[in-house]
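The values are calculated or read from the model by the stated rules, or taken from the named source; none is laboratory data. Remember, predicted model here, so these are calculated numbers, not experimental data. Neighbour counts are summed over all protein chains in view; Cβ atoms, including those assigned to glycine, are modelled from backbone coordinates with ideal geometry.
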Amino acid sequence: MAWAKKILRVNLTKGTCASEPLNMEWAQQYLGQRGLATKYLVAETDPKVDPLSPENKLIMTTGPLTGTMASTGGRYSVVTKGPLTGAIACSNSGGYFGAEMKMAGWDMIIFEGKSKKPVYLWVENDKAELRDASHLWGTTTWHTEETIKQAHQDPQIRVASIGRAGENGVLYACVVNDLHRAAGRSGVGAVMGSKNLKAVALRGTVGVSGIRDFKAFLQATTAAKKVLADNAVTGQGLPKFGTQVLMNVINEVGALPTRNAQDVQFEGARKISAEAMHEKRPTDGKANLITNSACFGCTIACGRVSQVDKTHWSVVNSPKYWGATGGLEYENAWSLGAANGVDDLEALTVANMICNEDGMDPITFGATIGAVMEMFQMGVLKKEQIGVEAPFGSAQALLELAHMTAEGRGFGKEIALGSARLTKKYGHPELSMTVKGQEFPAYDPRGIQGMGLTYATSNRGACHLRSYTVASEILGVPVKTDPLSTEGKPDLVKAFQDATAAFDSSGTCIFTTFAWTLGDLAPQLDAACEGGWTLERLAEVGERIWNMERQYNLAAGLTAKDDDLPKRLKTEPAKSGPAKGLVSGIDKMIPEYYKVRGWTAEGVPTKDTAKRLGL
Amino acid sequence: MQKSLHIDPNKCTGCLQCEMACSYENYGAFNISKSRIKVFNFESAGRKVPYTCTQCAEAWCLHACPVDAIRIDAATGAKVVFENTCVGCKVCTIACPFGTINYVADSGKVQKCDLCGGQPACADACPTGAITYVESDWTGLGKMRQWAEKTDTQPRA
């Protein structure tokens, strides 16, 4: 079977590393990755634990398809209790790190306790040890990865690390692997930093063997790759334009939250779009985008590789930003750009680089800047407090505040707490565009109603990756629904949430679902793993995972009150576009969603539901 | 007709499907550390380049081998390592100017690309056409065609 069937347990307090067998009974119930690691977290920690205390655990986890020839089979997740939200946190990343963990012979690594000194974990197949990282503390993810590779004299090592944001307790710090892929959301990097764990470096030469039926596996993965290649989104749109293909589309449908969601359309959208990334700059005759790139095993290749104009004011004196590196994805172009009214593509690319370099979630960072800029506009915050003039549209402010936040300087220390805590402190909590303390991403719920329910009910706080109903409401996948209507959205959201939980737990990428259904995933998993993996069984596993996460959050102290959207989205109608005059119909959708889920009116899974799912 | 692996780095996305296919073909496991084709990522230039043995006509490795463990496959033209004969002396790894023949500590032998007996798994697995298996005499045909198309600059009546 495709699991390595081995867990590495690292106790940072004691400085020990130990191998133990994977609980295969749980693997049959929760599959792997997101589901299985969450099961371990639930079983081993108190949901009320302080996320930044040694009692919290942090799990890096792969799925059964991670490290195989299944398309996109390179994903891993970081699972822990999130410091930004106080809820379950599970952040998924691509690159090559996850596959390397599997090829070293591990399904997951559980970190517990807290090291006295900064350390990094070095894993070479079955050998694992903690090494001193004092010399790496205070440095960026880029420097850390390079230094570790040099120290081990092995360029084939894969590294996941935190930058200064994770060390400085930025509550939305992420874990960055392979220089510009990130387990991005909910502050998993801050948890890593709280444990004095700077990095994890892996070298795996054992490989992934034990595929249950290789012939059937090759057939299933080949057929599934063809589905991706033949699909207009995964075969053409994403490789050519990346997720940024959405910038103009979402702006046109009037669902691009602009200037802290005061507007739903951004006049500068075209200038920061995928199309703009392809165009030659007047300054140097080169395009921002160099090429696309793939994560491990991915036959879609939506990744962006960009290079900024060396003469641009933002980098003219910083040669370290002159090389090719990870370019803008849609969410980041939105959060750093439209959310703040900034339309300078080069500056946004640099802001994104800073987020990668120092390990910060660009969605929460960018959206927090949006709240800062609105408070500056209102006069609540002054230049003397912030340290810079911060009107909407200021790329200078964006970049300066990015550095200040990552490095823990001045007002950056307050931005580091996210918009919910920041706006509350200055008396304007209504300006925080968050659910459960986490900023929502690039789809305005007034223009795409299903996304309102997605944000409100996401177990890790506002997020688009828990049920991407944009696929249905805008792109018509798998069926077209009306983005302006709340009708049928609770059912739609539940179906997407359950399927997504299963996809995440398999080790494949959620972007496959523009073309794949669980019906495409099932034969691949079934050929790889023992257990009889059917579509129906995967849907049930997804639902089980969703309810387990919900129960964890309830036990952590969250309630139905936390399944709500910012007041602005419910009371200030969209000012333009197809959704003009509309607010979010969240209050209508929530009770129906609870019913569809088999939950009480208070949002608690009923005994019958829990029993049906074996919880 | 002899065929060769032909590589177009501009089409490579770095997905490593080729490395997984190669390792499975030869070792029965997805284990990119055992792959005979390697994708190099030149990060700051934004370039990814797959590289493997090009099957030299006058192969340095073959000539250097003191025990004649590297022989020509008549059907494919591939220079193939015969593991039963190889003594693991590594002289071939010194002789090869390109680094595409390497020692494998686990087996005590060297390994190199053998074109999978005429159906290279890497080319089959490549999703973008960056690695193709084409007629040796005409590996440039695709590029010629691209440039030929660009000569059509005159307006037509």
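Within region B:15-33, the set of residues being of a type outside the set (S, T, N, Q) and buried (at least 24 other Cβ atoms within 10 Å of the Cβ) comprises B:C15, B:L16, B:C18, B:E19, B:M20, B:A21, B:C22, B:Y24, B:F30, B:I32.
Just one of B:A121, B:A105, B:A78, B:A59 is within 14 Å of chain A (Cβ to nearest Cβ), more than 30 Å from A:M353 (Cα to Cα) and under 15 Å from the mean Cα position of the chain (by Cα); which is it? Among B:A121, B:A105, B:A78, B:A59, only B:A121 is within 14 Å of chain A (Cβ to nearest Cβ), more than 30 Å from A:M353 (Cα to Cα) and under 15 Å from the mean Cα position of the chain (by Cα).
In this entry, A:V245 passes the filter for residues that are more than 14 Å from chain B (Cβ to nearest Cβ) and either closer than 30 Å to B:V39 by Cα or more than 24 Å from the chain's Cα centre (by Cα) (or both). The C-beta contact set for region A:413-437 (first residue in contact (Cβ under 8 Å) with a residue 12 or more places away in the chain, second residue surrounded by fewer than 17 Cβ atoms within 10 Å (Cβ to Cβ) and β-branched (V, I, T), distance under 8 angstrom, 6+ apart or interchain) comprises A:Y426/A:V380; A:G427/A:V380; A:H428/A:V380. Taken over region A:91-150, the criterion of being among the β-branched types (V, I, T), more than 13 Å from A:A201 (Cα to Cα) and touching a strand residue (DSSP E or B) at 6+ places or on another chain (Cβ under 6 Å) is satisfied by A:I110 alone. With respect to A:G67, determine if the residue is over 17 Å from A:L197 (Cα atoms), crowded, with 24+ Cβ neighbours inside 10 Å and within 14 Å of chain B (Cβ to nearest Cβ). Judged against the criteria, A:G67 is a match.
In this structure, B:P120 does not satisfy being loosely packed, with under 11 Cβ neighbours inside 10 Å, in contact with a helix residue (DSSP H, G or I) (Cβ under 9 Å, 6 or more places away or on another chain) and modelled with pLDDT of 95 or more. Scanning region A:382-394 for residues that are crowded, with 22+ Cβ neighbours inside 10 Å and touching a residue at least 24 places away in the same chain (Cβ under 8 Å) yields one hit, A:I386. The number of residues in region A:165-187 that are surrounded by fewer than 24 Cβ atoms within 10 Å (Cβ to Cβ) and either part of a helix (DSSP H, G or I) or more than 14 Å from chain B (Cβ to nearest Cβ) (or both) comes to 2. Please count how many residues of region B:122-157 are of a type in the set (D, E) and in contact (Cβ under 8 Å) with a residue 40 or more places away in the chain. Selection size over region B:122-157: 3. On the basis of being touching a residue at least 40 places away in the same chain (Cβ under 8 Å), in contact with a Leu (Cβ under 9 Å, 6 or more places away or on another chain) and crowded, with 20+ Cβ neighbours inside 10 Å, does B:I37 make the cut? Here the answer is yes, as B:I37 does meet what is asked. Residue-level check: of (1) among the charged types (D, E, K, R); (2) within 28 Å of A:C509 (Cα to Cα); (3) surrounded by fewer than 17 Cβ atoms within 10 Å (Cβ to Cβ); (4) at pLDDT 95 or above, A:R537 misses just (3). So, in region A:299-331, of the ones that are among the small types (G, A, S) and assigned to a loop (DSSP other than H, G, I, E, B), which residue ends up farthest from the other protein chains (Cβ to nearest Cβ)? The qualifying residue farthest from the other protein chains (Cβ to nearest Cβ) is A:S314. For A:T13, the test of being in a loop (DSSP other than H, G, I, E, B) and closer than 14 Å to A:I109 by Cβ is failed.
Looking only at region A:279-289, decide whether some residue is touching a helix residue (DSSP H, G or I) at 6+ places or on another chain (Cβ under 8 Å), within 14 Å of chain B (Cβ to nearest Cβ) and not polar (S, T, N, Q). Among the residues of region A:279-289, at least one is touching a helix residue (DSSP H, G or I) at 6+ places or on another chain (Cβ under 8 Å), within 14 Å of chain B (Cβ to nearest Cβ) and not polar (S, T, N, Q), which makes the answer yes. Looking at (1) out of contact with any Ser or Thr (no Cβ under 7 Å at 6 or more places or on another chain); (2) of a type in the set (A, V, I, L, M, F, W, C); (3) within 15 Å of B:N26 (Cβ to Cβ); (4) surrounded by 14 or more Cβ atoms within 10 Å (Cβ to Cβ), which one does B:L62 not meet, given that it meets all the others? It is condition (3) that B:L62 fails.
The residues of region A:188-244 that are among the β-branched types (V, I, T), in a helix (DSSP H, G or I) and crowded, with 22+ Cβ neighbours inside 10 Å, listed by number, are A:V188, A:V191, A:T221, A:T234. Taken over region B:131-148, the criterion of being of a type outside the set (S, T, N, Q) and more than 27 Å from B:C92 (Cβ to Cβ) is satisfied by B:E135, B:W138, B:G140, B:L141, B:G142, B:K143, B:M144, B:R145, B:W147, B:A148.
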